[in-house]
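Here is the structure we will look at.
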Amino acid sequence: MSTNITFHEGSVDAIERFKLLKQKGVTIWLTGLSASGKSTIACALEQHLLHQHRFTYRLDGDNVRFGLNKDLGFDEKSRVENIRRIGEVSKLFADSGCITITAFISPYRADRQLARELHEKANLGFIEVFVDASLSVVELRDPKGLYKKARAGEIKDFTGISAPYEVPEKPEIHIKTDQCDVTHAVEAITNYLAAQNYI
């Protein structure tokens, strides 16, 4: 990191920004296996909150790899850097007062903890949502055919098959997508936001 830089504070503070927006900035971090339902829930939640006139934006794992993270692969080092960047970007969005929804496999606890700590150091909310579906369930869904390819050895370092997924130990919200539909998942997250005075 360069040593010849200085952080420039703005003239608008968080309290003023949040008061004008009538909401607090927060990151809702959806984590889980591929095909667990993260992106589906994230899209529905974004739409629901926007229809409530909430400043909301969604960052999706695949989409971010088309631009910001297009230089990264799927080996462990690249996955760590992928999540580090998203942690920083989501923190900036949350600092702007945005309800930021991230949908990333983010398989490693340490990386999710780093994203949490970035937010906590900036006095910003961070809500970990474990989008939980068993390996047998996600393999049956397999909308992109990725599990089939991973089982055939065509994809290496595939989470849940040839690379680990570390289950969250204490997520704020735990959604079992083989037991509830998208509507109930969105309702659970929205109710949590309201209960914690984010909206």
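Before moving on, here are some points about what is shown:
- Residue in the range 114-133 that is more than 19 Å from Thr102 (Cα to Cα) and part of a loop (DSSP other than H, G, I, E, B) present: no
- Top-ranked residue of the range 64-92 - restricted to ones that are of a type outside the set (D, E, K, R) and open to solvent by 60 Å² or more (accessible area, probe 1.4 Å), ranked as modelled with the highest pLDDT: Leu92
- In the condition set (1) buried (at least 16 other Cβ atoms within 10 Å of the Cβ); (2) at pLDDT 95 or above, Glu117 is compliant with all but (1).
- For beta carbons closer than 7 Å, sequence separation of 6+ or different chains, a first residue in the range 171-199 that is free of Cβ contacts under 8 Å to residues at least 40 places away in the same chain and a second that is surrounded by 14 or more Cβ atoms within 10 Å (Cβ to Cβ) and in a strand (DSSP E or B), the qualifying pairs are Ala188/Ile173; Ala188/Ile175.
- Test: residue in the range 108-122 that is acidic (Asp, Glu), under 13 Å from the mean Cα position of the chain (by Cα) and under 30 Å from Val12 (Cβ atoms): no
- The residue pairs whose first member lies in the range 139-157 and is basic (Lys, Arg), whose second member is open to solvent by less than 70 Å² (accessible area, probe 1.4 Å) and part of a helix (DSSP H, G or I), and whose beta carbons are closer than 9 Å, counting only pairs six or more residues apart or on different chains, are Arg141/Tyr147; Lys148/Glu139; Arg151/Glu139; Lys156/Ala150.
- In the range 170-195, the residues that are more than 16 Å from the chain's Cα centre (by Cα), more than 12 Å from Ser36 (Cβ to Cβ) and part of a loop (DSSP other than H, G, I, E, B): Gln179, Cys180, Asp181
- Complete set of residues in the range 120-167 that are open to solvent by 50 Å² or more (accessible area, probe 1.4 Å) and under 30 Å from Asn197 (Cα atoms): Glu120, Lys121, Asn123, Glu166, Val167
- The combined condition, being on the phi > 0 side of the Ramachandran plot and either open to solvent by 10 Å² or more (accessible area, probe 1.4 Å) or at pLDDT 85 or above (or both), is not fulfilled by Gly61.
- Which numbered condition Val167 misses (of (1) of a type in the set (Val, Ile, Thr); (2) in contact (Cβ under 8 Å) with a residue 60 or more places away in the chain; (3) part of a loop (DSSP other than H, G, I, E, B)): (2)
- Of all residues in the range 142-164, those being in a helix (DSSP H, G or I) and more than 21 Å from the chain's Cα centre (by Cα) number 5.
- Positions within the range 1-43 being open to solvent by 20 Å² or more (accessible area, probe 1.4 Å) and closer than 16 Å to Ile86 by Cα, in sequence order: Ser39
- Looking across Ile83, Ile101, one residue alone is in a helix (DSSP H, G or I), in contact (Cβ under 8 Å) with a residue 24 or more places away in the chain, touching an Asp or Glu at 6+ places or on another chain (Cβ under 6 Å) and not basic (Lys, Arg). It is Ile83.
The values are calculated or read from the model by the stated rules, or taken from the named source; none is laboratory data. Bear in mind that the values here come from a model prediction, so they are computed numbers and not experimental data. Note that each Cβ is placed from the backbone with ideal geometry, even for glycine, and that neighbours are counted across all protein chains shown. Note: areas computed on protein heavy atoms with side chains; ligands, DNA, RNA excluded. Shrake-Rupley method; radii C 1.70, N 1.55, O 1.52, S 1.80 Å.
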